[in-house]
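Student: Have a look at the structure that comes next, please.
The values are calculated or read from the model by the stated rules, or taken from the named source; none is laboratory data. Just so it is clear, the structure is predicted and the values come from calculations on it, not from any experiment. Heads up, the Cβs are rebuilt from the backbone with ideal geometry, glycines too, and the neighbour counts pull from every protein chain shown. With ligands, DNA and RNA removed, areas are computed over all heavy atoms of the protein, side chains included. Shrake-Rupley method; radii C 1.70, N 1.55, O 1.52, S 1.80 Å.
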Amino acid sequence: MATPTDPLAALAARAHDCRACGLAATRTNVVFGVGDPRAPLMFVGEGPGEQEDLQGEPFVGRAGRLLTTLIEGIGLTREDVYIANVVKCRPPGNRNPAPDEIAACAPFLEEQLDLVEPRVVVTLGNFATKLLLDTKVGITKLRGQTFPYRDGVLIPVLHPSAVLRNGGAALAQARADFVTIKRTLAA
Ligand code: URA
């Protein structure tokens, strides 16, 4: 197949051929990313789950439906934003991505950030937050704050799966963080 001239599509093509870590052996699909390639707002999750692996698209399962609802709650659609993950292939059984898998996949995320150039990056949960902020501090301590990141702002938010698990107060925190996202985008 000819290499696409669009740099994001070319990067996606490279990811689809990637065998840099063991996740390549068990994946159904590489889940590269989806949305507006020049979106001002980019979400970064952890890694594909079962539905994402089957469909080749991030956040299309139960957690994804909540993410979509939260995005729509601030007057946007999935098409207005860009959505990616720390690892592009499903860790078997939805286990946590291993450090070597995160390290092997990180250059794809860095290049996605280089190409999309979002003004606001929202990290969903611990893995994305720790990777992009280069910190060991957990998400429950970091959410509710905003951080300078590249030429813009990074906003750590609870992972939608954690919100589904914990309900009530966690959902209220996520909603409040999405209001911050909306306000930051408007600033
Ligand atoms: N959880 C994630 O972190 N990413 C997805 O794409 C789906 C669920």
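Student: Go through region 67-77 and give me each residue that's over 14 Å from Lys182 (Cα atoms) and either near the ligand (Cβ under 10 Å from one of its atoms) or of a type in the set (D, E, K, R) (or both).
Tutor: The one that is over 14 Å from Lys182 (Cα atoms) and either near the ligand (Cβ under 10 Å from one of its atoms) or of a type in the set (D, E, K, R) (or both): Leu67.
Student: Where the second residue is away from the ligand (no atom under 16 Å from the Cβ) and open to solvent by less than 20 Å² (accessible area, probe 1.4 Å) and the first is within 16 Å of Val121 (Cα to Cα) and without any contact (Cβ under 8 Å) to a residue 12 or more places away in the chain and lies in region 146-165, which pairs have Cβ atoms under 9 Å and are six or more apart or on separate chains?
Tutor: Pairs found: Pro148/Leu154.
Student: Restricting to region 52-65, count the residues that are assigned to a helix (DSSP H, G or I), of a type outside the set (D, E, K, R) and open to solvent by 30 Å² or more (accessible area, probe 1.4 Å). I'd like the intermediate steps shown before the answer.
Tutor: Here is the first cut: in region 52-65, the ones assigned to a helix (DSSP H, G or I) are 52-55, 62-65.
Subset that is of a type outside the set (D, E, K, R): 54-55, 63-64.
Still in the list and also open to solvent by 30 Å² or more (accessible area, probe 1.4 Å): 54-55.
Residues meeting the conditions: 2.
Student: In addition: Can you name the residue in region 3-46 that is touching a strand residue (DSSP E or B) at 6+ places or on another chain (Cβ under 6 Å) and open to solvent by less than 30 Å² (accessible area, probe 1.4 Å) and, of all such residues, is nearest to the ligand (Cβ to nearest atom)?
Tutor: Checked region 3-46; the qualifying residue nearest to the ligand (Cβ to nearest atom) is Gly45.
Student: Something else about it: Please work out which one of (1) touching a Gly at 6+ places or on another chain (Cβ under 9 Å); (2) open to solvent by 50 Å² or more (accessible area, probe 1.4 Å); (3) not polar (S, T, N, Q) is the condition Cys105 fails and give its number.
Tutor: (2)
Student: Right, here's the next one. Could you say which residue among Leu132, Leu109 is more than 21 Å from Val60 (Cα to Cα) and at pLDDT 95 or above?
Tutor: Values: Leu109 fails: more than 21 Å from Val60 (Cα to Cα).
Within the list Leu132, Leu109, the selection yields Leu132.
Student: Pick out, from region 78-187, the helices (runs of 4 or more DSSP H) lying fully within it that include 1 or more residues that are over 19 Å from Ala15 (Cβ atoms) and in contact with a strand residue (DSSP E or B) (Cβ under 7 Å, 6 or more places away or on another chain). It would help to see each step written out before you state the result.
Tutor: Working: elements: 99-116, 126-133, 139-142, 160-166, 168-186.
Passing ranges, in order: 126-133, 139-142, 160-166, 168-186.
Student: For region 120-143, enumerate the residues that are on the phi > 0 side of the Ramachandran plot and either in contact (Cβ under 8 Å) with a residue 60 or more places away in the chain or open to solvent by less than 60 Å² (accessible area, probe 1.4 Å) (or both).
Tutor: Kept after step one, since they are on the phi > 0 side of the Ramachandran plot, are these residues of region 120-143: 125, 134.
Across region 120-143, the qualifying residue is only Gly125.
Student: Among the candidates Val157, Val86, Val81, Val120, which residue alone is touching a helix residue (DSSP H, G or I) at 6+ places or on another chain (Cβ under 8 Å), over 13 Å from Gly45 (Cβ atoms) and modelled with pLDDT of 95 or more? Break it down into steps so the answer makes sense when it comes.
Tutor: Details: Val157 fails: over 13 Å from Gly45 (Cβ atoms); Val86 fails: over 13 Å from Gly45 (Cβ atoms); Val81 fails: over 13 Å from Gly45 (Cβ atoms).
Within the list Val157, Val86, Val81, Val120, the selection yields Val120.
Student: Within the group Gly75, Gly49, which residue is open to solvent by less than 30 Å² (accessible area, probe 1.4 Å) and among the small types (Gly, Ala, Ser)? Steps first, please.
Tutor: Numbers: Gly75 fails: open to solvent by less than 30 Å² (accessible area, probe 1.4 Å).
Selected residue: Gly49, the only one of Gly75, Gly49 that is open to solvent by less than 30 Å² (accessible area, probe 1.4 Å) and among the small types (Gly, Ala, Ser).
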